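Student: Structure below; questions to follow.
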Amino acid sequence: MTSQRITVIGGGLAGTEAAWQLAERGFDVDLYEMRPHKTTGAHVSDRLAELVCSNSLGSKLRDRATGLLQHELKMLNSLLIRCAEESSVPAGGALAVDREVFAQLVGDHIQNHPHIRVIRQEMPIIPDTPTIIASGPLTSPALAEQIAKLSGQDYLYFYDAISPIVTLESIDMTIAFKASRYQRGDENEGDYINCPMNKDEYVAFVTALRNAQTAELRDFEREDPNFFEGCLPIEQLASRGEDTLAYGPMRPVGLRDPRTGNRPHAVVQLRRDNLTGSLYNIVGFQTNIKWGDQETVLRLIPGLQNAEFIRMGQMHRNTFINAPTLLNATMQFRTRPDLYFGGQITGVEGYVGNIATGLIAAINLAHNLRGEPEFILPQTTMLGSLCYYVSHADPKHFQPMKANFGLLPELPTRFRSKVERYTAYADRALADMKTTLENANIRVQETL
């Protein structure tokens, strides 16, 4: 045990998870969060663990990459996954949350923990004491400059976009209908609202997208945008070809329009955004179109012609370090043993990946300070493969990465279907996770 206080910079998903994991291990933690004294271009509140984009943490099914990662985190006793489950809203096979309830739960655990001190001010330097930097994609310029000096290189970056939110009562349910794809979910009529399009409606919508004006990137812009491939704005997808959206976020597979009994040409899905079900976000509709044009274009979607928009889409900058040249798989900075990174700044994408790397950084800093062996998960686990990716990818072509089965080592057996193969990946991952935790004398938490 060390008498030094540990500094965690950033009160987002990775930072709060890291602070709690360290505190639960008996360490005293100073958690720095610069909001509300210094705001960002994406956050709208001063809450810890605020979700700024979607309200979904992805699939919760074991045979899905994000779902597998959630199960691994539950085995590791993740606070934020537990809070997500406690604040969940119906979303078929996905783990979606009420944003405010989720942030409130996380905030209560953090602010009431006897070993955590929340400090509401910017940390403009890198302390010379044990530290985890989880400052996220909108790291303050002062801290970013310090990290750049420490690493001896410039940041990489990409741009991310936020989806619009509408009120339930403003959706025309004589056109839209409730259903989950292939009726997967807990409720018969589905957890999603679907707005079907025929071919003419779809072509008109894509044309309007292509002609809409996009907003300037304001102070986030330093050079030409470098969009993250997994979170492209809809106008960028539309520019790639007329059918791109119909094979992407507007794909109609697994759905039938009850008015016709047929599969639509394209479908816009909306997912519940709060527990009461009064708000819905437009799934996969990140956009940087100017708000006036954006409202006009979105009202072309059947069922949303009279929609009340609570939040319009917007763009914000996401910044990340060139992790393969800087970090070990433990999230430890290679040239400074008591400095760790966690969250989106490492190049791991997705809410669950951010939580996961914050957790790994905390466990390894705790082990480091106690003189215990490094905690490295095998690449056969989803979390182990993500940590390996960010620490071993080609630094010349490093791109942010979400959890996906393509990161895992191949299985020796051939399978008849993708579902069977992914299930086998999950079985191996969870078995290897359990063995690794038992060998490290870490209590294995129960999971499904």
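Student: Hey, any hits in region 251-261 for a residue that's touching a Lys or Arg at 6+ places or on another chain (Cβ under 9 Å), among the acidic types (Asp, Glu) and touching a residue at least 60 places away in the same chain (Cβ under 8 Å)?
Tutor: Looking for residues that are touching a Lys or Arg at 6+ places or on another chain (Cβ under 9 Å), among the acidic types (Asp, Glu) and touching a residue at least 60 places away in the same chain (Cβ under 8 Å), one finds at least one in region 251-261, hence yes.
Student: Can Thr244 be described as in contact (Cβ under 8 Å) with a residue 24 or more places away in the chain and polar (S, T, N, Q)?
Tutor: Values: in contact (Cβ under 8 Å) with a residue 24 or more places away in the chain: no; polar (S, T, N, Q): yes.
Taking the combined requirement at face value, the residue does not satisfy it.
Student: Is region 371-388 home to any residue that is in the same structural domain as Phe27 (by TED's automatic domain parsing), at pLDDT below 90 and at negative phi? Steps first, please.
Tutor: Our first condition is that a residue be in the same structural domain as Phe27 (by TED's automatic domain parsing); within region 371-388, this holds for 371-388.
Still in the running and at pLDDT below 90: none.
Checked region 371-388: no residue is in the same structural domain as Phe27 (by TED's automatic domain parsing), at pLDDT below 90 and at negative phi.
Student: Are any of the residues in region 376-395 out of contact with any Leu (no Cβ under 9 Å at 6 or more places or on another chain), without any contact (Cβ under 8 Å) to a residue 12 or more places away in the chain and loosely packed, with under 14 Cβ neighbours inside 10 Å?
Tutor: The answer is no; no qualifying residue exists.
Student: Condition test on Leu138, is it in a helix (DSSP H, G or I), touching a residue at least 40 places away in the same chain (Cβ under 8 Å) and of a type in the set (A, V, I, L, M, F, W, C)? Lay out the reasoning, then the answer.
Tutor: Details: in a helix (DSSP H, G or I): no; touching a residue at least 40 places away in the same chain (Cβ under 8 Å): yes; of a type in the set (A, V, I, L, M, F, W, C): yes.
Taking the combined requirement at face value, the residue does not satisfy it.
Student: Please specify each residue of region 303-315 satisfying the condition of being surrounded by fewer than 20 Cβ atoms within 10 Å (Cβ to Cβ) and part of a loop (DSSP other than H, G, I, E, B).
Tutor: Scanning region 303-315 gives Gln305, Asn306, Glu308, Met312.
Student: Those residues that are part of a loop (DSSP other than H, G, I, E, B), within 13 Å of Ile193 (Cα to Cα) and touching an Asp or Glu at 6+ places or on another chain (Cβ under 9 Å), I need them from region 254-284; list them, please.
Tutor: Filtering region 254-284 down to residues part of a loop (DSSP other than H, G, I, E, B) leaves 254-265, 273-278, 283-284.
The next check asks that each one be within 13 Å of Ile193 (Cα to Cα); those that pass are 255-258, 273, 277-278, 283.
Hits for region 254-284 are Asp273, Ser278.
Student: Suppose we filter region 397-422 for residues that are in contact with a helix residue (DSSP H, G or I) (Cβ under 9 Å, 6 or more places away or on another chain) and under 30 Å from Asp154 (Cβ atoms); how many remain?
Tutor: 9
Student: Would you be able to say whether some residue in region 237-253 is assigned to a helix (DSSP H, G or I), of a type in the set (Gly, Ala, Ser) and either at pLDDT 90 or above or on the phi > 0 side of the Ramachandran plot (or both)? Step through it out loud before you land on a result.
Tutor: Here is the first cut: in region 237-253, the residues assigned to a helix (DSSP H, G or I) are 237-238, 245-247.
Remaining after also requiring of a type in the set (Gly, Ala, Ser): 238, 246.
Within this subset, residues satisfying the condition of being either at pLDDT 90 or above or on the phi > 0 side of the Ramachandran plot (or both) are 238, 246.
Yes, region 237-253 contains a residue that is assigned to a helix (DSSP H, G or I), of a type in the set (Gly, Ala, Ser) and either at pLDDT 90 or above or on the phi > 0 side of the Ramachandran plot (or both).
Student: Condition first: in contact with a Ser or Thr (Cβ under 8 Å, 6 or more places away or on another chain), surrounded by fewer than 23 Cβ atoms within 10 Å (Cβ to Cβ), modelled with pLDDT under 95 and not β-branched (Val, Ile, Thr). Can you find one or more residues in region 10-33 that meet it?
Tutor: no
Student: Moving on to the next point. Among the listed residues Thr325, Thr335, Thr296, Thr346, identify the single one that is out of contact with any strand residue (DSSP E or B) (no Cβ under 6 Å at 6 or more places or on another chain), at pLDDT 90 or above and surrounded by 20 or more Cβ atoms within 10 Å (Cβ to Cβ).
Tutor: Details: Thr325 fails: surrounded by 20 or more Cβ atoms within 10 Å (Cβ to Cβ); Thr335 fails: surrounded by 20 or more Cβ atoms within 10 Å (Cβ to Cβ); Thr296 fails: surrounded by 20 or more Cβ atoms within 10 Å (Cβ to Cβ).
Sole residue among the options that is out of contact with any strand residue (DSSP E or B) (no Cβ under 6 Å at 6 or more places or on another chain), at pLDDT 90 or above and surrounded by 20 or more Cβ atoms within 10 Å (Cβ to Cβ): Thr346.
Student: Next question. Taking the conditions exactly as written (in contact with a strand residue (DSSP E or B) (Cβ under 8 Å, 6 or more places away or on another chain) and among the polar types (S, T, N, Q)), does Thr381 satisfy them or not?
Tutor: Values: in contact with a strand residue (DSSP E or B) (Cβ under 8 Å, 6 or more places away or on another chain): no; among the polar types (S, T, N, Q): yes.
Considered against the rule, which asks whether it is in contact with a strand residue (DSSP E or B) (Cβ under 8 Å, 6 or more places away or on another chain) and among the polar types (S, T, N, Q), Thr381 comes out as no.
Student: Do we find a residue being within 21 Å of Glu33 (Cβ to Cβ), modelled with pLDDT under 95, assigned by TED's automatic domain parsing to the domain that holds Arg421 and basic (Lys, Arg) anywhere in region 55-76?
Tutor: no
Student: If you check every pair at least six apart or on different chains, which have Cβ atoms under 6 Å apart with a residue in region 405-419 that is within 18 Å of Gln379 (Cα to Cα) and assigned by TED's automatic domain parsing to the domain that holds Cys387 first and a residue that is at pLDDT 90 or above and of a type in the set (Phe, Trp, Tyr) second?
Tutor: Hits for this filter: Phe405/Tyr422; Phe405/Tyr425; Leu407/Tyr389; Leu408/Tyr425.
Student: Residue check, Thr260 against (1) under 18 Å from Val206 (Cβ atoms); (2) among the β-branched types (Val, Ile, Thr); (3) more than 26 Å from the chain's Cα centre (by Cα), all met but one. Which one?
Tutor: Unmet for Thr260, out of (1) under 18 Å from Val206 (Cβ atoms); (2) among the β-branched types (Val, Ile, Thr); (3) more than 26 Å from the chain's Cα centre (by Cα): (1).
The values are calculated or read from the model by the stated rules, or taken from the named source; none is laboratory data. Keep in mind that what you see is a predicted model, and the values were worked out from it rather than measured. As a convention, Cβ positions derive from the backbone with ideal geometry for all residues, glycine included, and neighbour counts pool all protein chains shown.
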